[in-house]
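*Asks:* One structure, pasted below without further comment.
The values are calculated or read from the model by the stated rules, or taken from the named source; none is laboratory data. In this text the structure is predicted, and so the values were computed from the model without any measurement. As a convention, Cβ positions derive from the backbone with ideal geometry for all residues, glycine included, and neighbour counts pool all protein chains shown. Protein only, heavy atoms only, side chains kept; ligands, DNA and RNA dropped before computing areas. Shrake-Rupley method; radii C 1.70, N 1.55, O 1.52, S 1.80 Å.
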Amino acid sequence: SGARWSLSFFRDRLPLPLSLPRIALQMAEAERPPAYPGKSPYAMLPVEDCVAAVLRHVGGPLEVSALPLAESRGRLLASDIRALAPVPPFPACIMDGFAVRSTDGPGRFPVDIVAGATAGASPSGPLLAGHLRYVTTGAPLPDGADAVVKVEDTKEVWVDGVLLIDIGVASKPGANIRKVGSDTAQGETVLLRGSRIGPGEIGVLAALGFASVEVHRRPVVAIFSTGDELVDVSAAATRDERRGQIVDCNRPMLLALVEEAGAEAVDLGIVCDEPGSLRQQLLAALQSADIVVTSGGVSRGSRDHMKPLLEELGQVHFGEMCMKPGKPTTFATVPSPSPTAHSGERHRLAFALPGNPVSCFVTFKLLVVPALEQMLGRPSGAATYARVDAEIAGPIEMDPVRPEYHRALARWSDGKIVAESTGFQRSSRIASVAGTNCFLEIPKRAGVLPKGTIVKALMLPSGGACSGGLWPDTGGYPNQQVPAATETQASSCSPDASLASCSARQVVGIVAVGAEGEAVVEDLCASLRASADFVNIELLTRCCAQAAAVQEVCGAVTDLTSGLGPQGPQRCALVLVVSALGLSSADAAVISALQALLVQGEAANVADLARRAGLSRTPLAMLAPIVAGVRNGCLVVTVPVAAASECAVAVLPLVGFAASHAH
């Protein structure tokens, strides 16, 4: 120890100039960047916030141009389509038969013109009195006639070489005739702006005489993959597995996804993980494309350069998403490097998607497709995918940290939609997207969803058709607005009415706190379902591992009262927090945090109602800290495990009351 003291004594007394190099070295080491990237500096944002950020920066539909009708399939109309003339433009015969005067009634009549009036033939003049005339389907009704008798109700008779027709039925005026404009009135709006043009719409447009239609320009999407390990599929046979080379499957998939979405894809190949090469290719892509989509290089590896490159060239709006798969997905806007004739001054959108192929597929569907739809002319706020209830065909393990978009195949079975998982869901397993026609929205929670659980499913389009045949309503994805109908339904509930008086289905959320809360959930749900007030109600359960986990408990309540939980965009009307909370300081912290959430005020009378109901079961209910109040129009009530069913059934008739009195 004496030797150590001696060395430090002399070292600390060295002349100042001799210590300067060491000081400089220490300063340089302090400023040196880390050898390996650490934790991501980006906040992990909910999917809803991410897609909202994307749509805010789209900038609306692209410019309008006229397109020949034959080339318009799959595009979105840039304006409403109104009938320029009535359809039909003349009184037309609905079927083959004989044009008659209805006042002539049944009888035997001569034919005034044997050739008759056929569709497309020259006009043959008015119908002679006391005669009839043969007509074909679609032919103009002769002047003087007011009805058509179908050929099945007639019989040919020859008398002295003269053709006569026996009419066996009486006709009313207008029988078997399409009146002028009866199909489509002049000026009637037939197709709305933003409608996708399919074969049926092309038929309608042709019938109305539109040889061309106004549509928005197709967005140009540049695609390139990043990675030293990638080889093109054409060179798959020569890849060097010793170097870890793999075939680039993302780029062909993304090119197909772009075309499926109705945009124009530009293939820019594979770029190595070198900042200069990536910067050069990205700048080239930004010169000509409206959107740039890359895959790979967005995680926290030493060769992941896309995030800092996008920060340098533009503005990164998010760099992590709270979802599985696709967490490191990045979205940025970049100023137009050189405005072109078709892009003008619009900024460019850049999506840096993860390198794992499943993450790439899912995030393209959830982020890029809604952006493309808006550029192509889908009205702002309109959903891209229909969101439906689906029963899972087997158990699905949940993730406790991030919600999952589980790939599945939905089918109609026994009057309901049943969704079967595509198997192992690892983000590298590209086979899990094959055959996928929906994403199951699996909530973030520890545990396993059992077979038969009802979850929300996003129905994916197939071949460019809208949402797999289902038109997405205001509850679809992305959900950018709250429908007025929902507010009207909520306000129709009176203070003393049960849910039976409300037409819309209501969601009741149950937050089970700790093992004690989870143990009584099954009996609690059974008691609620047996109640006379349980009408048109869906139950939704969330489990929190520990009673003392304030953040977890409050997070579950926040999700359920904000429409961010597994119930989708619909907020719960009632949330029951089931717990064994007592008088300890840890329990008091949970109660205080819950009270802070009740931003629209506490409801002491509701808490008293629950407490009185609990006393009918056990005197211990008097000691339970019962709190009730309103958050986002949702009634939140804590109920003790000792009398959970009694308390919950007592407050169930108040479902909908908070929503109708939130303001």
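*Asks:* List, please: which pairs have Cβ atoms under 8 Å, are six or more places apart or on different chains, and start with a residue in the stretch 131-157 that is polar (S, T, N, Q) and end with one that is open to solvent by 30 Å² or more (accessible area, probe 1.4 Å) and part of a strand (DSSP E or B)?
*Replies:* Short answer, once both residue conditions are applied: 154/166.
*Asks:* Still on this structure, I have one more. Inspect the stretch 174-190 for any residue being under 34 Å from the mean Cα position of the chain (by Cα), surrounded by 16 or more Cβ atoms within 10 Å (Cβ to Cβ), assigned to a strand (DSSP E or B) and of a type outside the set (Phe, Trp, Tyr) and give the result as yes or no.
*Replies:* Within the stretch 174-190, one or more residues are under 34 Å from the mean Cα position of the chain (by Cα), surrounded by 16 or more Cβ atoms within 10 Å (Cβ to Cβ), assigned to a strand (DSSP E or B) and of a type outside the set (Phe, Trp, Tyr).
*Asks:* Tell me which of these residue 613 doesn't satisfy, since it passes every other one: (1) farther than 17 Å from residue 511 by Cβ; (2) of a type outside the set (S, T, N, Q); (3) modelled with pLDDT of 80 or more; (4) not in a helix (DSSP H, G or I).
*Replies:* Residue 613 satisfies all of (1) farther than 17 Å from residue 511 by Cβ; (2) of a type outside the set (S, T, N, Q); (3) modelled with pLDDT of 80 or more; (4) not in a helix (DSSP H, G or I) except (4).
*Asks:* Suppose we filter the stretch 108-144 for residues that are in contact with a helix residue (DSSP H, G or I) (Cβ under 9 Å, 6 or more places away or on another chain) and open to solvent by less than 30 Å² (accessible area, probe 1.4 Å); how many remain?
*Replies:* 1
*Asks:* Determine which member of the set 157, 162, 151, 169 is hydrophobic (A, V, I, L, M, F, W, C), touching a Pro at 6+ places or on another chain (Cβ under 7 Å) and closer than 17 Å to residue 106 by Cα.
*Replies:* Only one candidate qualifies: 169.
*Asks:* Further, regarding this structure: Is there any pair with a first residue in the stretch 50-70 that is in contact (Cβ under 8 Å) with a residue 60 or more places away in the chain and a second that is open to solvent by 50 Å² or more (accessible area, probe 1.4 Å) and in a helix (DSSP H, G or I) whose Cβ atoms are under 8 Å apart and which are 6 or more apart or on different chains, and what are they?
*Replies:* Qualifying pairs under 8 Å: 69/206.
*Asks:* Among the residues of the stretch 272-290, what is the count of those that are outside any helix (DSSP H, G or I) and either aromatic (Phe, Trp, Tyr) or crowded, with 23+ Cβ neighbours inside 10 Å (or both)?
*Replies:* Going through the stretch 272-290 one residue at a time, the tally reaches 2.
*Asks:* Moving on to the next point. Residue check: is residue 422 open to solvent by 10 Å² or more (accessible area, probe 1.4 Å), modelled with pLDDT of 90 or more, over 16 Å from the mean Cα position of the chain (by Cα) and under 21 Å from residue 252 (Cβ atoms)?
*Replies:* The answer is yes for residue 422.
*Asks:* Moving to a separate point now. Only one residue in 585, 592 is at pLDDT below 90 and over 28 Å from residue 444 (Cβ atoms), so which one is that? Quick ask: steps written out before the conclusion?
*Replies:* Numbers: 592 fails: over 28 Å from residue 444 (Cβ atoms).
Within the list 585, 592, the selection yields 585.
*Asks:* Also, I was wondering about something else. When you scan the stretch 208-227, do you find a residue that is open to solvent by less than 20 Å² (accessible area, probe 1.4 Å), part of a strand (DSSP E or B), among the β-branched types (Val, Ile, Thr) and touching a Gly at 6+ places or on another chain (Cβ under 8 Å), even just one?
*Replies:* So far as the stretch 208-227 goes, yes, one or more of its residues are open to solvent by less than 20 Å² (accessible area, probe 1.4 Å), part of a strand (DSSP E or B), among the β-branched types (Val, Ile, Thr) and touching a Gly at 6+ places or on another chain (Cβ under 8 Å).
*Asks:* Across the stretch 53-77, which residue is most open to solvent (accessible area, probe 1.4 Å) among those that are closer than 15 Å to residue 369 by Cβ and either among the β-branched types (Val, Ile, Thr) or not in a loop (DSSP other than H, G, I, E, B) (or both)?
*Replies:* 55
*Asks:* Tell me which residues, restricted to the stretch 614-635, are among the hydrophobic types (A, V, I, L, M, F, W, C) and open to solvent by 20 Å² or more (accessible area, probe 1.4 Å).
*Replies:* 615, 620, 622, 623, 630
*Asks:* Take the stretch 404-455 and flag every residue that is closer than 17 Å to residue 394 by Cβ, hydroxyl-bearing (Ser, Thr, Tyr) and in a loop (DSSP other than H, G, I, E, B).
*Replies:* Scanning the stretch 404-455 gives 422, 436, 453.
*Asks:* Now for a separate question. Find all pairs meeting these conditions: Cβ atoms under 7 angstrom apart; at least six residues apart or on different chains; first residue within the stretch 99-114 and modelled with pLDDT under 90; second residue among the small types (Gly, Ala, Ser).
*Replies:* Pairs found: 105/170; 113/124.
*Asks:* Scan the stretch 81-94 for residues that are open to solvent by 60 Å² or more (accessible area, probe 1.4 Å) and either touching a helix residue (DSSP H, G or I) at 6+ places or on another chain (Cβ under 9 Å) or more than 20 Å from residue 137 (Cβ to Cβ) (or both) and report the count.
*Replies:* 2
*Asks:* Take the residues in the stretch 428-451 that are of a type in the set (Ser, Thr, Tyr) and buried (at least 16 other Cβ atoms within 10 Å of the Cβ); name whichever of them is nearest to the chain's Cα centre (by Cα).
*Replies:* The residue in question is 436.
*Asks:* Looking only at the stretch 158-173, filter to residues that are aliphatic (A, V, I, L, M) and touching a residue at least 60 places away in the same chain (Cβ under 8 Å); which one of those is most open to solvent (accessible area, probe 1.4 Å)?
*Replies:* 170
*Asks:* Name the residues in the stretch 145-156 that are part of a strand (DSSP E or B) and either open to solvent by less than 30 Å² (accessible area, probe 1.4 Å) or among the polar types (S, T, N, Q) (or both), would you?
*Replies:* 147, 148, 149, 154, listed by residue number.
*Asks:* Considering only the stretch 489-526, state which residues are open to solvent by 20 Å² or more (accessible area, probe 1.4 Å), closer than 17 Å to residue 650 by Cβ and at pLDDT 85 or above.
*Replies:* 520, 523, 526
*Asks:* Evaluate the following for residue 399: is it surrounded by fewer than 24 Cβ atoms within 10 Å (Cβ to Cβ), part of a loop (DSSP other than H, G, I, E, B) and of a type in the set (Asp, Glu)?
*Replies:* yes
*Asks:* If you scan the stretch 150-203, which residues turn out to be within 16 Å of residue 94 (Cα to Cα) and among the aliphatic types (A, V, I, L, M)?
*Replies:* 151, 175, 177, 180
*Asks:* Now, a different point. Between 197, 202, 165, which is β-branched (Val, Ile, Thr) and in contact with an Asp or Glu (Cβ under 8 Å, 6 or more places away or on another chain)?
*Replies:* Checking each option against the conditions leaves just 165.
*Asks:* Let me ask something else about it. Take the stretch 527-559 and flag every residue that is over 20 Å from residue 589 (Cβ atoms), part of a helix (DSSP H, G or I), touching a residue at least 40 places away in the same chain (Cβ under 8 Å) and open to solvent by 30 Å² or more (accessible area, probe 1.4 Å).
*Replies:* Hit for the stretch 527-559 is 527, nothing else.
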